[in-house]
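Have a look at this one before I ask anything.
The values are calculated or read from the model by the stated rules, or taken from the named source; none is laboratory data. These figures come from a predicted structure and were not determined experimentally. For neighbour counting, all protein chains shown are included, and Cβ atoms are generated from backbone atoms with ideal geometry for every residue, glycine included. The accessibility values were calculated without ligands, DNA or RNA, using every heavy atom of the protein model including side chains. Shrake-Rupley method; radii C 1.70, N 1.55, O 1.52, S 1.80 Å.
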Amino acid sequence: MPGRSVPEARFLIGVTGTDGNAVIKARLARVRFSQRAAWLPPAVLAAAVTGYLAWGAWVSAYDPHWLYLSPAWWRIWLRPDNIRAPLITVVLWLVALLCYWWPRRLQPQAAGLATVVAMIVIGAVLTTASLAPCRGGETGTAVAGWLLGYYVGNPPGSTACTGPSPLALQLGGVVCLGATMVGALAAAAVLWQQPVGRLRARIVRDATVLVGLDALTVALLQRLAQTRRRSSIVVIEPDSSNPLLGEARATGARVMIADPTSPRVLLPVLAGGRGCALSYLYALRQDVSENEAILAAANSILHRYRPDPERQPHLVARIDDPRHADHWRGRHSGTSGLWFEDALSPQESTACALVNQIFSAGARHLLLCGDTTLALAILLELARRAWEQRELAAAAAAGRAAHPGAAICLDEADRQMLAPHPLRRVVLLDRRAEDLRREYQATSPHAAVVTAPQVRTEPSPWKERLLALLDAMPPAEANETAVVVADTQAEGSMHEAGRVARLHPGIPLFVLTSDGPGMHRAIFDRLQPFQRALLVDGEAPEDTWTRVARHWHECYRMSHPAVPGDPRARTRRAWAQLEEFIRQDNILQLRSVMAEVVARGRRWVPARAVPPGSFIDLGDRDLEQVARAEHTRWYQRRLAAGWSDSRVVPWAELPADERSSRVDYLRSQLAQLEDVGFMPIVPAGGPVEAAEFRRVGTIRARRLHARRPWTRESGDELHGDAGDWRVVDDSGDERTDRDLEFRHSHEPLGGEFWRRTGTFRAWQVSERMALRTMEGRAIAQPGDWVVEGRRGARWPITDEQFRRSYRMTTDPAEDADDTDDADDALILPPRVLEPPRVPERTIRPSLRQGRA
């Protein structure tokens, strides 16, 4: 269809019904046929001129004087010394070949075969017409032999014809030999395609490796080829018959046909002469297990290299389901100090592009139709944007308050970044809209949910409810409304979207059509189709960790505005205006912080995977060690780059207040990571020195009917809720316990008396630490114990109380026969090691402290 893209044509097929479907398909077929048949006119002309040359050679072989009997142009053009006719023949055949190749350029083997066959036929016609009359008394076999000689570059020594060679023979001899050479080159290209591809891939530096070719990934590959050096992009594809290989080669990328899960295949690509040569590895096959195998093979290679201060390889696995992607991302974050691992979800990328479009439209209300993973991804992206805007606004306010003398010059991009997003309300339209909202609220970090637009539900089929809802809106509200149809692709969805767009032409309406490069222009009115894509507004998606590093930087520069003339102004520019050295340093800082936290016995996980009441904040000593390690990396990188700034000094030479400010800034960074949804936990079971202990003794307990506050011996104010149990032991120590946990760890003795039961993990601490227990924030002092329940919840206990209530487990059979005398001796481990130190969690600083 002239002027229509394929996605638009697909949408029109959906909205115009069966008759329109047939018309559109017929038009598309005509367009495709006209493109593929464009070679026929020049080929017919070229064949006519070829026949003209062959006829002239045949006639002049019997009568050499025939060419000179008259001055007619058609006789002059056939004379052996005239170049016009052969030149026109060559030009016409080249035009025909170009017209044949262009629509088939992604099928090089088919076009190459057609070229060789055409050259063989043309050469045979021209040469045979010239030699057949010259055979004398010999049979046609001699002519065939002479013809074959021309194909191998061995023309006959003599024939019955004498005089100059006709134009047909002059051209035919060249074409025959050319056909042989082109055929040999084509065969060699096919045979050596894989070895040459591997050889070219091995010499790539700063490589971007992509594995997995389909409709989504080819669009990403094409964009990467436009924004990065094509020679640095390597495509590894195990299937040599993949029809998209031609498109991959057309981008200029280096293509290898090999097994991407084999370290032997990846090693030459990832290894450089002076270390790791990898920049990005995109494992984008549709099977998640295959992508994990590819990353595992890359890990085995990258482990051989030392950290490069100028390189941070990103290993990206495609995981379509955004739930799985987010969980996978959390499990793989900070596991190495050598590289980043991230998940790329087309649902998340599509949601990001859609949110950009919604904000650009200035919509204050959004009607989100369909219960799909894309709808969930849109809600999560809206919450993330709202949280980022709130953090930036708070940082800017802190900067103005703390640095009144600094010049805060905000350009238009800054003002847009700080301006509140216009969207205020989201209405979910689907039978299971309430379930979608519940999952969204349970999935998003709390800090994001509280800043996100209000979400309400209309639990009914959206196709039956959408039009009526828009009809009932006041005009002012309708003008501020946008609609996103994120339902599964179906003709009924497109039909209903088209009807709504026609009846409400002023409302922006986005409707999902297929997989591909992403957004498209409006078809009619404000109806805009979009595709599930990996690209965001036509650009390669920003990975999770780059997004976090960008947000850190933007918050820091807003809270620390530069004074005019300050040399640190170069580090306080907007992210897009930063020098590449500074931008990469922010990403390296994130990797350093996350890796150093892991090195201290923590493990990064998604925030919602943290069992309630189990989190232990990072301790002051650990925070200082992480800040020291990050500053050392920062210092050494600048020293190697030749920076002579007086602020570039080792950690030991920093003033005490500067060291303290960097620790505080680290706290704010960890708090922001938690708000994004990543938390560094003490692994289940506790640190390596944790041991198993069995509860002993009896207590008195009764059920609470209302909220009850209580205070620990250390002064911590905690509380129990209605339904919890108030527990008092023999020494009068009071606490509360959740019903489920209580019943799993106590046996009734009658009345209010219960016996303690169960086995628990516990370890003794040597530093003050803060725990976020089920009952509130509690502090463990040096010498106290931390106990872990069967569901992961943790709580602190004083050493005296622990010795009364727990005894170490030695042998299971012995434990079964032991009595529960509270005065039994507590058998402690021979040596108590220092556990991970976790400090009191304070209210997040206002980003006033930090470094440039």
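Taking Thr488 and the conditions (1) polar (S, T, N, Q); (2) more than 30 Å from Leu466 (Cβ to Cβ); (3) out of contact with any strand residue (DSSP E or B) (no Cβ under 6 Å at 6 or more places or on another chain), which numbered condition does it fall short on, given that it satisfies the others?
So Thr488 meets the others, but not (2).
So, one more: Identify the single condition in (1) farther than 19 Å from Ala413 by Cβ; (2) at pLDDT below 90; (3) open to solvent by less than 40 Å² (accessible area, probe 1.4 Å); (4) among the aliphatic types (A, V, I, L, M) that Leu535 does not satisfy, given that it satisfies every other one.
(2)
Across region 130-160, what is the number of residues that are open to solvent by less than 60 Å² (accessible area, probe 1.4 Å) and either small (Gly, Ala, Ser) or touching a Lys or Arg at 6+ places or on another chain (Cβ under 6 Å) (or both)? Quick ask: steps written out before the conclusion?
Step one: filter region 130-160 for residues open to solvent by less than 60 Å² (accessible area, probe 1.4 Å), giving 130-134, 136, 140, 142-147, 149-151, 153, 156, 159.
If we keep only those that are either small (Gly, Ala, Ser) or touching a Lys or Arg at 6+ places or on another chain (Cβ under 6 Å) (or both) as well, we get 130, 132, 136, 140, 142-145, 149, 153.
Counting residues in region 130-160 that are open to solvent by less than 60 Å² (accessible area, probe 1.4 Å) and either small (Gly, Ala, Ser) or touching a Lys or Arg at 6+ places or on another chain (Cβ under 6 Å) (or both) gives 10.
Identify the single condition in (1) closer than 25 Å to Pro238 by Cα; (2) modelled with pLDDT under 90; (3) open to solvent by 10 Å² or more (accessible area, probe 1.4 Å); (4) part of a helix (DSSP H, G or I) that Asp326 does not satisfy, given that it satisfies every other one.
(1)
For region 675-695, give me each residue that is open to solvent by 20 Å² or more (accessible area, probe 1.4 Å) and among the basic types (Lys, Arg).
Hit for region 675-695 is Arg694, nothing else.
Being without any contact (Cβ under 8 Å) to a residue 24 or more places away in the chain, in a helix (DSSP H, G or I) and polar (S, T, N, Q) is the filter here; which residues of region 39-94 pass it?
none
Which one of the conditions (1) at pLDDT below 90; (2) closer than 27 Å to Gly715 by Cα does Arg761 fail to meet, given that it meets all the rest?
(1)
I want to confirm something. Restricting to region 608-625 and keeping residues that are surrounded by fewer than 21 Cβ atoms within 10 Å (Cβ to Cβ) and aliphatic (A, V, I, L, M), which single residue is nearest to Ala793 (Cα to Cα)?
Taking the candidates together, the pick is Val610.
Could you check how many residues of region 217-252 are crowded, with 23+ Cβ neighbours inside 10 Å and not in a helix (DSSP H, G or I)?
Number satisfying all stated conditions: 4.
Ok, one more. How about region 52-76: which of its residues are open to solvent by 70 Å² or more (accessible area, probe 1.4 Å) and within 18 Å of Thr127 (Cα to Cα)? Explain how you work it out, then say what you get.
Initially, region 52-76 is screened for residues open to solvent by 70 Å² or more (accessible area, probe 1.4 Å), giving 55, 58, 62, 64-65, 68-69, 71, 73-74.
Once the filter is applied, which keeps residues that are open to solvent by 70 Å² or more (accessible area, probe 1.4 Å) and within 18 Å of Thr127 (Cα to Cα), region 52-76 yields Trp55, Trp58, Tyr62, Pro64.
Something else about it: Here is a list of conditions, (1) in a helix (DSSP H, G or I); (2) buried (at least 19 other Cβ atoms within 10 Å of the Cβ), and Ala569 meets all of them except one; can you say which number that is?
Single failed check for Ala569: (2).
Per-residue answers, yes or no, for (1) in a strand (DSSP E or B); (2) out of contact with any helix residue (DSSP H, G or I) (no Cβ under 6 Å at 6 or more places or on another chain); (3) not hydroxyl-bearing (Ser, Thr, Tyr):
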site: Thr736; (1), (2), (3): yes, yes, no
site: Phe742; (1), (2), (3): no, yes, yes
site: Trp763; (1), (2), (3): yes, yes, yes
site: Ser766; (1), (2), (3): no, yes, no
site: Arg772; (1), (2), (3): yes, yes, yes
site: Ile779; (1), (2), (3): yes, yes, yes
site: Gly783; (1), (2), (3): no, no, yes
site: Glu800; (1), (2), (3): no, yes, yes
site: Arg803; (1), (2), (3): no, yes, yes
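Quick one: which of Arg638, Arg628 is within 19 Å of Arg570 (Cβ to Cβ) and over 28 Å from the mean Cα position of the chain (by Cα)?
On the way: Arg628 fails: within 19 Å of Arg570 (Cβ to Cβ).
The match here is Arg638.
Continuing with this model, one more query. Among the candidates Arg647, Arg628, Arg662, which residue alone is open to solvent by 10 Å² or more (accessible area, probe 1.4 Å), more than 20 Å from Glu767 (Cα to Cα) and part of a helix (DSSP H, G or I)? Walk me through how you get there before you give the answer.
Details: Arg647 fails: part of a helix (DSSP H, G or I); Arg628 fails: more than 20 Å from Glu767 (Cα to Cα).
Checking each option against the conditions leaves just Arg662.
Next up: In this structure, is Thr513 closer than 30 Å to Glu341 by Cβ, in contact (Cβ under 8 Å) with a residue 12 or more places away in the chain and polar (S, T, N, Q)?
Values: closer than 30 Å to Glu341 by Cβ: no; in contact (Cβ under 8 Å) with a residue 12 or more places away in the chain: yes; polar (S, T, N, Q): yes.
It is false that Thr513 is closer than 30 Å to Glu341 by Cβ, in contact (Cβ under 8 Å) with a residue 12 or more places away in the chain and polar (S, T, N, Q).
I've got another one for you. Which pairs turn up if I take residues in region 531-552 that are over 9 Å from Leu220 (Cα atoms) and look for partners that are open to solvent by 20 Å² or more (accessible area, probe 1.4 Å) and aromatic (Phe, Trp, Tyr) with beta carbon separation below 6 Å, at least 6 apart in sequence or on another chain?
Going by the 6 Å Cβ cut-off, the qualifying pairs are Arg550/Trp575.
Residue by residue, here is whether (1) at pLDDT below 90; (2) open to solvent by 60 Å² or more (accessible area, probe 1.4 Å) holds:
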residue	(1), (2)
Lys463	no, yes
Leu466	no, no
Gln489	yes, yes
Ser493	yes, no
Arg499	no, yes
Ser514	yes, no
Arg526	yes, yes
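Of all residues in region 264-308, which are in a helix (DSSP H, G or I), at pLDDT 90 or above and hydroxyl-bearing (Ser, Thr, Tyr)?
Residue satisfying the conditions is Ser289 alone.
Now, a different point. Do we have Asp657 as more than 22 Å from Phe581 (Cβ to Cβ) and crowded, with 20+ Cβ neighbours inside 10 Å here? Give the derivation first.
Values: more than 22 Å from Phe581 (Cβ to Cβ): yes; crowded, with 20+ Cβ neighbours inside 10 Å: no.
Taking the combined requirement at face value, the residue does not satisfy it.
Between Arg400, Arg425, which is more than 24 Å from His553 (Cα to Cα), surrounded by fewer than 22 Cβ atoms within 10 Å (Cβ to Cβ) and either free of Cβ contacts under 8 Å to residues at least 12 places away in the same chain or among the charged types (D, E, K, R) (or both)?
Numbers: Arg400 fails: more than 24 Å from His553 (Cα to Cα).
Of Arg400, Arg425, the one residue that is more than 24 Å from His553 (Cα to Cα), surrounded by fewer than 22 Cβ atoms within 10 Å (Cβ to Cβ) and either free of Cβ contacts under 8 Å to residues at least 12 places away in the same chain or among the charged types (D, E, K, R) (or both) is Arg425.
Same structure again: Suppose we filter region 731-763 for residues that are touching a residue at least 60 places away in the same chain (Cβ under 8 Å), loosely packed, with under 13 Cβ neighbours inside 10 Å and touching a strand residue (DSSP E or B) at 6+ places or on another chain (Cβ under 7 Å); how many remain?
Number satisfying all stated conditions: 0.
A further question follows. Which count do you get for residues in region 329-350 that are closer than 23 Å to Leu216 by Cβ and in contact with a Pro (Cβ under 8 Å, 6 or more places away or on another chain)?
First pass over region 329-350, keeping only residues closer than 23 Å to Leu216 by Cβ: 329, 332, 340-350.
Next, only the ones that are in contact with a Pro (Cβ under 8 Å, 6 or more places away or on another chain) stay: 329, 340, 344-345, 347-349.
Of the residues in region 329-350, 7 are closer than 23 Å to Leu216 by Cβ and in contact with a Pro (Cβ under 8 Å, 6 or more places away or on another chain).
Keeping to region 794-811, report how many residues are surrounded by fewer than 20 Cβ atoms within 10 Å (Cβ to Cβ) and closer than 22 Å to Ala684 by Cβ.
2
Is there a residue being modelled with pLDDT of 90 or more and within 44 Å of the chain's Cα centre (by Cα) anywhere in region 725-744?
Within region 725-744, not a single residue is modelled with pLDDT of 90 or more and within 44 Å of the chain's Cα centre (by Cα).
Same structure, new question: Could you check Val484 against (1) under 27 Å from the mean Cα position of the chain (by Cα); (2) modelled with pLDDT under 90 and say which number it fails?
It fails just one condition, (2).
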